[in-house]
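Okay, so here's the structure we're looking at.
Read-outs: derived from the displayed coordinates by stated rules, not from any lab. Just so it is clear, the structure is predicted and the values come from calculations on it, not from any experiment. Virtual Cβ from ideal backbone geometry, glycine too; neighbours counted across all protein chains shown.
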Amino acid sequence: MPTTNDRVVVVGAGVSGLAIARELAPDHDVIVLDKSGIAADTSSRASGMISLSLEPFPDEWATFALSQFRDLDGQGVFSFTERETVRLVPGANADLYTDQAPSGGEFLTRDALERRFPESFGDLSAYGGGLLYDGTGYLNALNYAMTLKWAAEQNGAGIFRDHEVTDIRVVDGTVTGVETEYGIIDADHVIYATGWKTRDLLADHVELPVRPLRWNAVVIEPDNPLPDDCPMGSEPTMRIYWRTTNHGNVLVGGNEHLLDDPEGTPMGVQESFRKGVVEDVAPLLNGVAGGTIRREDCCPTADCASPDGLPIIDTPREAPDGLAVVTGLHGRGVMLSPVTGRAVRSLVTGEKPPFPMAQFRLDRFDDRSANFDYRSHWGTGEDD
């Protein structure tokens, strides 16, 4: 039976691992280990868009995560900027999109949208309007990660970079710790929050149906800064999203696609994505079409997809007792990190979480292979 002061080793110091550490540190002996740096890979490159109300998640996940972001605002170096989000609706499909609007979305015609945000939009002639959502916003992902680290350390967690875990130790079907490049660390619980690599790292103990996923992003400096009330937005047919930054620029991201060999795939933004942003996305926003691309980025080691687009957060039945996995976050690791942290706490302590957990279970998949197509959260179901 789990008890307080149990030692927990978290493998992976991205936002998921750090959120877990923050949740468990007040009453557990927590050690976080990462073979590279703190939020050094995908987490630090995340867009920081928090658009839970647009996602195919249970309402309880969205409510809990949003409350956590609001509560953390102002602590450490973290700030959460609340901003409405507009999902544009192509003119030819306005009735269809309106009829299928997710709960909470308010449809505004193009004229109403332009009146609501008079200095924000450019050429919307191809659109019948947009679905407006509140309960959304953005954050700086690296500042968020460092604040989670700070909060966990305030409660005694030890967080170590450049410290590779080489194996888990199991005796009679129960986890007893981990082996690292520097020696053995005993533990009552071991949690792997290592993205797509978790499949290979734990192949001897459990089969995980996950694949590496990559996305692209560019940052554009407009001719003139967009207004403070400029909404975040997305265009579902192009499967892209945007948000302004605290420096007056615009971040445009999207083009999620599966990779067979992320470590052998050249890093960098795909030319087709860059061209689409310049030709099709930038004109949608006021003054951005004539702007200058100041930065290009993609997740350096790849994000992680699952067959149904939902995370795997579980202590699998076939795995050794005391082993938990967090993977398959499908490009939404930052957005769901408060839920991830509390979900793992529930698995470790047996406490009842304030949201459903069934959607996280590994046994929802009959097929555990990594041979699946990309499932888009945009609802198209297409594979790139």
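Considering only V250, G128, V281, and ranking their Cα positions along the charge dipole of the chain that arises from unit charges at the beta-carbon of Lys, Arg, Asp and Glu, the one farthest toward the positive end is V250.
With springs only between Cα atoms under 10 Å, which of P222, P118, P311 fluctuates most in a Gaussian network model of the chain? Between P222, P118, P311, it is P118 that shows the largest mean-square fluctuation. Each peptide in 315-325, 168-178 receives the mean, over its residues, of other Cβ atoms within 10 Å, and ordering these scores from highest gives 315-325, 168-178. Working note: Debye formula, equal point scatterers on the alpha-carbon atoms of the range 183-249, no solvent; log10 I(q)/I(0) at q = 0.29 Å⁻¹ is -1.30.
Restricted to Cα atoms, the range 61-193 shows a radius of gyration and a Dmax of 23.4, 67 angstrom. Note on the chain: Rg/Rh from C-alpha atoms, Kirkwood Rh, equals 0.98. Value of Rg to Rh for the range 286-384, rounded to two decimals, is 1.08; Kirkwood radius and Rg both from alpha-carbon coordinates. Just so you know, the Rg over Rh for the range 1-85 is 1.01, from Cα atoms, with Rh as the Kirkwood radius.
In units of the rule-of-thumb radius 2.2 N^0.38 Å, the range 1-142 shows an alpha carbon radius of gyration of 1.37. Extents of the range 111-180, taken as max minus min of Cα coordinates on every principal axis and listed largest first, are 66, 30, 22 Å.
Over the range 228-302, the alpha carbon radius of gyration divided by the compact-protein estimate 2.2 N^0.38 Å works out to 1.18.
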